Amino acid sequence: MRGERRRAQTSESGVLVVGLGRFGSATARSLVALGREVMAIEKDPELVQTWSSKLTHVVEADATHLEALRQLGAGEFSTAVVGVGSSIEASVLTTANLIDLGVGQIWAKAISEAHGTILRRIGAEHVLYPETEAGDRVAHLLDSRMLDYLDFDDGNFAVVKMRPPEEVRGLSLAEAGIRDDYGVTVVGIKAPGREFTYANVDTRVGSQDVLIVAGHVDDLGRFARRP
């Protein structure tokens with residue numbers, strides 16, 4: 001009875017993670033750090049051994065087999081992450097099995113556009129491209145004053161953390177005219193030794209400040225590349 005109650009609590013509030021490669025294990029570890037319970041399924045016994053003491057539950061099983069997932073209670077989870085990436089066939093079969101078991105929200109890793117298209121067509125709600133997204137983010141950081149970069153809406157809109165260009169230092173946002181000149185909005189600012197605060201027209205930009213700026217990707221790039 002205790003084990004059944006434990007699994008029920010996990011399935012209601014926890015996340016099922018299939019595959020403990022780099023992406024799956026990093027996701028599972030971060031979820032645990034955030035206080036979420038995680039049940040991980042991995043067919044490699046070495047990875048099972050490595051992660052068994054670090055996650056809530058780790059089970060050695062082949063998620064491409066529907067019956068194995070059913071016996072593990074995978075269908076009781078409302079959210080699942082499919083981190084299988086080395087085999088498109090295994091990724092698709094695992095995702096299809098979870099859909100058949102009634103898992104409502106599935107986040108699936110894809111290694112190509114074609115792979116992602118298949119995952120969406122069979123019903124994966126969220127398709128992720130970790131390698132592509134990481135490469136795109138690094139490219140933006142290398143090419144400008146950006147310290148961090150997060151895009152939305154298929155790459156058309158982004159929020160960035162960046163150092164202020166010389167031309168706006170010492171000015172208030174109203175005086176700097178950033179939105180008029182570049183079409184981007186400074187939504188937050190952090191002065192050295194202080195917390196981030198919301199920005200307004202009277203906020204003054206210091207040379208050592210960090211800005212949180214939102215806008216179209218092209219406009220952000222133009223602003224962040226200013227000297």
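Values quoted throughout were computed directly from the atomic coordinates according to the rules given, and no laboratory measurement underlies them. Everything numeric here is computed off the predicted structure, so don't read it as measured data. Ideal geometry is used to build each Cβ from the backbone, glycine not excepted, and the neighbour counts take in all protein chains shown.
For segment 2-128, the dipole from Cβ point charges (+1 on Lys and Arg, -1 on Asp and Glu) about the Cα centre works out to 360 debye, to the nearest 20.
Placing +1 on the Cβ of every Lys and Arg and -1 on the Cβ of every Asp and Glu, with no other charges, gives the chain a dipole of roughly 660 debye about its Cα centre.
Write down the Kirkwood hydrodynamic radius of segment 151-227, to one decimal in angstroms, obtained as one divided by the mean of 1/r over all alpha carbon pairs.
Answer for segment 151-227: a Kirkwood hydrodynamic radius of 12.4 Å.
At a Förster distance of 22 Å, what's the computed FRET efficiency of Arg22 paired with Arg121, Cβ-Cβ distance as r, to 0.05? Efficiency at R0 = 22 Å is approximately 0.25.
Mean projected area of the Cα convex hull of the chain, taken over all directions, amounts to 15.0 nm².
With K and R counted +1 and D and E -1, the other residues having a Cβ less than 11 Å from that of Val38 yield a net charge of +2.
In summary, segment 2-128 shows an alpha-carbon radius of gyration equal to 0.96 times the 2.2 N^0.38 Å reference for compact globular proteins. So if I take the centroid of the Cα atoms in segment 149-204 and the same for segment 22-42, what is the distance between those two points in Å? Answer, in whole Å: 34.
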